[in-house]
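What follows is a single structure, written as structure tokens, with notes after it.
The values are calculated or read from the model by the stated rules, or taken from the named source; none is laboratory data. Everything quoted here is computed from the prediction, not taken from an experiment. Here the Cβ is made from the backbone with ideal geometry for all residues, glycine too, and neighbour counts use every protein chain on show. Ligands, DNA and RNA are excluded from the accessible area calculation, which covers all protein heavy atoms including side chains. Shrake-Rupley method; radii C 1.70, N 1.55, O 1.52, S 1.80 Å.
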Amino acid sequence: MADQGGDSVSVWRVGGAACAAGYVMPAVVGAKALFGWAGWVSSPGAEAARKAGLWTGLAVGVALFFWWAVLRVRLEVGPDGLVAVNPWGTHRLGLDEVTSVRLGAWGAEFHHGDGFKTTAYALSELAAGSSQDRRFAELRAVLEADPDSSSW
């Protein structure tokens with residue numbers, strides 16, 4: 001957002017195979033639903049409408065699940081602090097609340113001074129088996145650019 005004259009905010013989202021699945025799987029199930037409705041239009045009947053309706057409901061369910069679990073997840077780092085949007089909630093942390101940051105199994109782990117930690121799922125590949133090191137190095141570079149984060 002620096003090009004708009006505001007403060008710079010770095011954003012990460014889930015990438016790799018999980019992101020691709022977040023778009024492909026709902027599209028495939030949605031296409032099956034469309035073919036079901038096309039079949040019903042060509043030969044209307046209760047059974048064809050029932051099958052098309054079931055596929056439509058499944059398509060909506062799959063799309064909502066992938067949006068909730070993969071596509072909505074993000075990590076924002078800016079001058080006001082961190083915002084980690086995970087499937088189970090949104091966590092806001094001030095940069096002064098974070099004592100250390102490490103790479104965990106499900107993404108970056110921001111350790112608080114009181115012993116709690118917040119995991120940012122957006123850096124993970126959601127168990128896709130790929131290395132998160134490059135994305136974690138990007139995060140470390142952004143955090144180390146902040147003069148208050150020298151102890152991380």
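Selection of region 81-93 for residues being over 10 Å from the mean Cα position of the chain (by Cα) and surrounded by 13 or more Cβ atoms within 10 Å (Cβ to Cβ) yields G81, L82, V83, H91, R92, L93. The set of residues in region 94-119 that are at pLDDT 90 or above, loosely packed, with under 15 Cβ neighbours inside 10 Å and hydrophobic (A, V, I, L, M, F, W, C) contains only F116.
Residue by residue, here is whether (1) touching a Ser or Thr at 6+ places or on another chain (Cβ under 8 Å); (2) under 14 Å from N86 (Cα atoms); (3) of a type outside the set (A, V, I, L, M, F, W, C) holds:
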residue	(1), (2), (3)
S8	no, no, yes
R13	no, yes, yes
A21	no, no, no
M25	no, no, no
V28	no, no, no
A59	no, no, no
A63	no, no, no
L71	no, yes, no
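Annotation note: Cβ proximity below 7 Å between a residue of region 40-53 that is of a type in the set (F, W, Y) and a residue that is surrounded by 14 or more Cβ atoms within 10 Å (Cβ to Cβ) (sequence gap 6+ or interchain) occurs for W40/A48; W40/A49; W40/A52.
Across region 126-142, the qualifying residues are those that are assigned to a loop (DSSP other than H, G, I, E, B) and either in contact with a Phe, Trp or Tyr (Cβ under 7 Å, 6 or more places away or on another chain) or surrounded by fewer than 19 Cβ atoms within 10 Å (Cβ to Cβ) (or both), and the one among them that is modelled with the highest pLDDT is S131.
The sole residue among V62, V83, V98 that is over 19 Å from S124 (Cα atoms), β-branched (V, I, T) and without any contact (Cβ under 8 Å) to a residue 40 or more places away in the chain is V62. Of all residues in region 38-80, those satisfying the criterion of being open to solvent by 90 Å² or more (accessible area, probe 1.4 Å) and within 27 Å of G15 (Cα to Cα) are L64, F65, W67, D80.
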